[in-house]
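One structure below.
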Amino acid sequence: MKSWAWEITIHRLLVVDWVAPHGPWDDQIAFIFDAGILGPNLAAGVRPCDDELSEAVFLPAAEVADRLRARQRNRLNAALRAITDGGIRYLRDGVEAW
């Protein structure tokens, strides 16, 4: 479990994605929330804190999408649409369920 010393406000739920069992993993539910914008002082202090991460960067959404697998890219795009239109997106394996 990672621990951060930041206090952020969660504004609203953007995406719920049910992921079917795959490989060694059971099914899961992934959530994406709108947590606002990280201020410049906090952003400047973002650093990897263990061997799982090699870097921490802030990128435009399109560039982030290029670095993601299809399922995660679909989640990102669903979250961006939800921010734009004020809705919540429900996905099944990264595909909008309705």
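Do we have residue 57 as in contact (Cβ under 8 Å) with a residue 12 or more places away in the chain and either on the phi < 0 side of the Ramachandran plot or of a type in the set (A, V, I, L, M, F, W, C) (or both) here?
Working: in contact (Cβ under 8 Å) with a residue 12 or more places away in the chain: no; either on the phi < 0 side of the Ramachandran plot or of a type in the set (A, V, I, L, M, F, W, C) (or both): yes.
Against the criterion (in contact (Cβ under 8 Å) with a residue 12 or more places away in the chain and either on the phi < 0 side of the Ramachandran plot or of a type in the set (A, V, I, L, M, F, W, C) (or both)), residue 57 does not qualify.
Across the range 72-87, which residue is surrounded by the fewest Cβ atoms within 10 Å (Cβ to Cβ) among those that are touching a Lys or Arg at 6+ places or on another chain (Cβ under 8 Å) and of a type in the set (A, V, I, L, M)? Give the derivation first.
To start, the set of residues in the range 72-87 that are touching a Lys or Arg at 6+ places or on another chain (Cβ under 8 Å) comprises 78-79, 81-82, 87.
Those still in the list that are of a type in the set (A, V, I, L, M) too: 78-79, 82.
On the way: 78: 23, 79: 20, 82: 18.
Step by step, filter the range 72-87, then rank; the result is 82.
Is it the case that some residue within the range 23-39 is polar (S, T, N, Q) and under 23 Å from residue 97 (Cβ atoms)? Walk me through it before giving the result.
To start, the set of residues in the range 23-39 that are polar (S, T, N, Q) comprises 28.
From what is left, the residues that are under 23 Å from residue 97 (Cβ atoms) are 28.
Yes: the range 23-39 contains one or more residues that are polar (S, T, N, Q) and under 23 Å from residue 97 (Cβ atoms).
In the range 69-97, which residue that is among the hydrophobic types (A, V, I, L, M, F, W, C) and modelled with pLDDT of 95 or more is farthest from residue 27 (Cα to Cα)? Looking at the filtered set, the residue picked out is 83.
How many residues are over 24 Å from residue 90 (Cα atoms) and either surrounded by 11 or more Cβ atoms within 10 Å (Cβ to Cβ) or under 11 Å from the mean Cα position of the chain (by Cα) (or both) when one looks only at the range 56-71? Give the steps one after another, and end with the answer.
Our first condition is that a residue be over 24 Å from residue 90 (Cα atoms); within the range 56-71, this holds for 56-59.
Those left that are additionally either surrounded by 11 or more Cβ atoms within 10 Å (Cβ to Cβ) or under 11 Å from the mean Cα position of the chain (by Cα) (or both): 56.
Matching residues across the range 56-71 total 1.
Scanning the range 54-87 for residues that are part of a loop (DSSP other than H, G, I, E, B) and either under 20 Å from residue 43 (Cα atoms) or out of contact with any helix residue (DSSP H, G or I) (no Cβ under 8 Å at 6 or more places or on another chain) (or both) yields a count of 9.
Assessment of the range 33-46 against the conditions (among the hydrophobic types (A, V, I, L, M, F, W, C), under 24 Å from residue 94 (Cα atoms), at pLDDT 90 or above and touching a strand residue (DSSP E or B) at 6+ places or on another chain (Cβ under 8 Å)) yields at least one matching residue. Screening residue 90 against (1) hydroxyl-bearing (Ser, Thr, Tyr); (2) assigned to a loop (DSSP other than H, G, I, E, B); (3) under 16 Å from the mean Cα position of the chain (by Cα) leaves a single unmet condition, (2).
The values are calculated or read from the model by the stated rules, or taken from the named source; none is laboratory data. All of these numbers come straight from a predicted model, not from anything done at the bench. Here the Cβ is made from the backbone with ideal geometry for all residues, glycine too, and neighbour counts use every protein chain on show.
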